[in-house]
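Peer 1: Got a structure for you, questions after.
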Amino acid sequence: MQFIADENIAEPMITALRELQIDVLSISELMPGCSDSEVLSIANKNNSIIITSDKDFGEIIFRQQKIVKGVILFRLHGLSIQEKIKIVKNFFVNHLNSLTETNIFVVITENNIRIRKSIGLI
């Protein structure tokens with residue numbers, strides 16, 4: 001399973017995921033400055049799940065009904081990078097198997113993880 005980290009995902013977070021043997025491509029490394037639609041295109045081309053803290057991807061997926069394997073949305077504002085890494089590592093260690101379906105939308109907050117499967121796209 002492959003993931004695409006949007007430009008707003010900090011490098012220490014990407015490094016921490018890679019240390020867990022998570023296959024993460026970084027937009028900051030591949031195509032800095034690309035648009036959300038370009039990120040979506042790259043994700044679809046690679047059959048990857050997008051990792052982002054940009055709420056616009058919810059708009060793209062739900063309102064515009066764009067096809068995507070999945071999105072993991074981090075809503076971890078106000079936390080230190082160490083706290084964010086701890087929460088995200090915990091998610092990937094405990095929930096990676098729940099990401100195998102297509103059209104999955106995950107929201108990770110400090111106190112909650114919401115996983116919405118099969119978001120109604122074909």
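Peer 1: May I ask you to list the residues in region 88-103 that are aliphatic (A, V, I, L, M) and at pLDDT below 90? Spell out how you get there, then give the answer.
Peer 2: Initial filter on region 88-103 (aliphatic (A, V, I, L, M)): 88, 93, 96, 99.
Matches in region 88-103: Leu96, Leu99.
Peer 1: Can you pull out every residue in region 12-49 that is within 18 Å of Asn90 (Cα to Cα) and outside any loop (DSSP other than H, G, I, E, B)?
Peer 2: Start the filter on region 12-49 by keeping residues that are within 18 Å of Asn90 (Cα to Cα), which leaves 12-24, 49.
Listed by number, the residues that qualify are Pro12, Met13, Ile14, Thr15, Ala16, Leu17, Arg18, Glu19, Asp23, Val24, Ile49.
Peer 1: While we're looking at this one, here's another question. When region 72-97 is examined, which residues are found to be farther than 12 Å from Ala5 by Cβ and in a strand (DSSP E or B)? Before you say what the answer is, go through the steps one by one.
Peer 2: Of all residues in region 72-97, those farther than 12 Å from Ala5 by Cβ come to 73, 75-87, 89-97.
Hits for region 72-97 are Leu73, Arg75.
Peer 1: Can Lys84 be described as of a type outside the set (A, V, I, L, M, F, W, C), in contact (Cβ under 8 Å) with a residue 40 or more places away in the chain and either in contact with a Lys or Arg (Cβ under 6 Å, 6 or more places away or on another chain) or farther than 16 Å from Lys117 by Cα (or both)?
Peer 2: Numbers: of a type outside the set (A, V, I, L, M, F, W, C): yes; in contact (Cβ under 8 Å) with a residue 40 or more places away in the chain: yes; either in contact with a Lys or Arg (Cβ under 6 Å, 6 or more places away or on another chain) or farther than 16 Å from Lys117 by Cα (or both): yes.
Yes: the conditions hold for Lys84.
Peer 1: From the set of residues in region 1-11 that are outside any loop (DSSP other than H, G, I, E, B) and in contact (Cβ under 8 Å) with a residue 40 or more places away in the chain, which is farthest from Leu76 (Cα to Cα)? Please lay out each step first, then the result.
Peer 2: From region 1-11, those outside any loop (DSSP other than H, G, I, E, B) are 2-5, 11; that's our starting set.
Add one more test, that the residue is in contact (Cβ under 8 Å) with a residue 40 or more places away in the chain, and what stays is 2-5.
Numbers: Gln2: 22, Phe3: 19, Ile4: 18, Ala5: 15 Å.
The extreme case among them is Gln2.
A quick yes/no check of all residues on (1) in contact with a Gly (Cβ under 8 Å, 6 or more places away or on another chain); (2) of a type in the set (S, T, N, Q); (3) surrounded by 13 or more Cβ atoms within 10 Å (Cβ to Cβ):
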{"position": "Gln2", "(1), (2), (3)": "no, yes, yes"}
{"position": "Ser37", "(1), (2), (3)": "no, yes, no"}
{"position": "Ile42", "(1), (2), (3)": "no, no, yes"}
{"position": "Lys45", "(1), (2), (3)": "no, no, no"}
{"position": "Ser48", "(1), (2), (3)": "no, yes, yes"}
{"position": "Ile61", "(1), (2), (3)": "no, no, yes"}
{"position": "Lys69", "(1), (2), (3)": "no, no, yes"}
{"position": "Glu83", "(1), (2), (3)": "no, no, no"}
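Peer 1: Under the condition of being touching a Lys or Arg at 6+ places or on another chain (Cβ under 8 Å) and farther than 17 Å from Glu7 by Cβ, which residue from region 17-49 is modelled with the highest pLDDT?
Peer 2: So, considering only residues that are touching a Lys or Arg at 6+ places or on another chain (Cβ under 8 Å) and farther than 17 Å from Glu7 by Cβ, the one modelled with the highest pLDDT is Leu20.
The values are calculated or read from the model by the stated rules, or taken from the named source; none is laboratory data. Just so it is clear, the structure is predicted and the values come from calculations on it, not from any experiment. Neighbour counts run over all protein chains shown; Cβ positions are idealised from the backbone, glycine included.
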